Amino acid sequence: MNRKLHPKPQAGFTLIELMITLLIFGILLALAGPPFQSWVKNTQLRSYAESFQSAVQQARSEAIKRNGYVELLLTNSAISAVGRNAAAVTESTEGTAWLIRGCPDCINLNTAPLIDEPSYPYLDGKTVSEGNSAQFKLSANQSLIRFDALGRANRALSLIVADKADGAKLDACITKPADGKVITGPARICLLVDEGGNARLCLPDAVSTNPSSCVR
């Protein structure tokens, strides 16, 4: 005799089980939220600082490759708007964007062109709106650095990127912090470029014994 097979009822979640699961998930999210947000912001800050380090290295490499002078500018101008007119940007020591341009009319490493309308071929740039520049503060000791065919810079560059305006103080890049200070996160990062064109990132709040310290 054939028997009809009845399908077994499918197991599922009850409303109470679902509510308990959501409650537990909410508690875990609330506990993990601040540390995770801090990690994300610190990662963005480091990536942002690294973009300026990469810009320095690229400008230096271009000068060597072209056997001529190349300039790196800090600016708040919308680089994408001015297109390839690299002479139209305004320099700023608090510029959150950078521009790399050639300088075929430069006299020497320390002297800018003396002619009325020098040529500045556009090489590369980072616009103000690109990435996470809006949420970080930047300060530098100069807005322009020039490289020659040997990769030398016309002057040393000090630059600091911070998550708050009161943290973007250049003195922090050369002042030794108090011993025993514990870094909870890279709330600010310095970029130091010497006249040889060498660039390195460092943590101004790290003690001198830390390999990442700016003062060691």
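The values are calculated or read from the model by the stated rules, or taken from the named source; none is laboratory data. The structure displayed is predicted, hence computed values, not measured ones. Backbone-built Cβ (ideal geometry, glycine too); neighbour counts: all protein chains shown.
Scan region 89-112 for residues that are more than 17 Å from the chain's Cα centre (by Cα), modelled with pLDDT under 90 and surrounded by 13 or more Cβ atoms within 10 Å (Cβ to Cβ) and jot them down.
Those that are more than 17 Å from the chain's Cα centre (by Cα), modelled with pLDDT under 90 and surrounded by 13 or more Cβ atoms within 10 Å (Cβ to Cβ): VAL89, ALA112.
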Of the residues LEU150, LEU159, LEU201, LEU192, which is modelled with pLDDT of 90 or more and out of contact with any strand residue (DSSP E or B) (no Cβ under 8 Å at 6 or more places or on another chain)? LEU150
Out of ALA49, ALA87, ALA112, report the one residue that is closer than 21 Å to VAL193 by Cα, in contact with an Asp or Glu (Cβ under 9 Å, 6 or more places away or on another chain) and not aromatic (Phe, Trp, Tyr). ALA112
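Determine if region 132-139 includes at least one residue that is among the hydroxyl-bearing types (Ser, Thr, Tyr), within 16 Å of the chain's Cα centre (by Cα) and outside any loop (DSSP other than H, G, I, E, B). Before you say what the answer is, go through the steps one by one.
Here is the first cut: in region 132-139, the ones among the hydroxyl-bearing types (Ser, Thr, Tyr) are 133, 139.
With within 16 Å of the chain's Cα centre (by Cα) added as a condition, the list becomes 133, 139.
Now narrow it down to the ones that are outside any loop (DSSP other than H, G, I, E, B): 133, 139.
Within region 132-139, one or more residues are among the hydroxyl-bearing types (Ser, Thr, Tyr), within 16 Å of the chain's Cα centre (by Cα) and outside any loop (DSSP other than H, G, I, E, B).
Only one of PHE13, PHE36 is assigned to a helix (DSSP H, G or I) and at pLDDT below 65. Can you tell me which?
Values: PHE13 fails: assigned to a helix (DSSP H, G or I).
Criteria check complete, one pass: PHE36.
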Search result, residues across region 194-213 that are more than 17 Å from ILE145 (Cα to Cα) and more than 17 Å from the chain's Cα centre (by Cα): ASP205, ALA206, VAL207, SER208, THR209, ASN210, PRO211, SER213
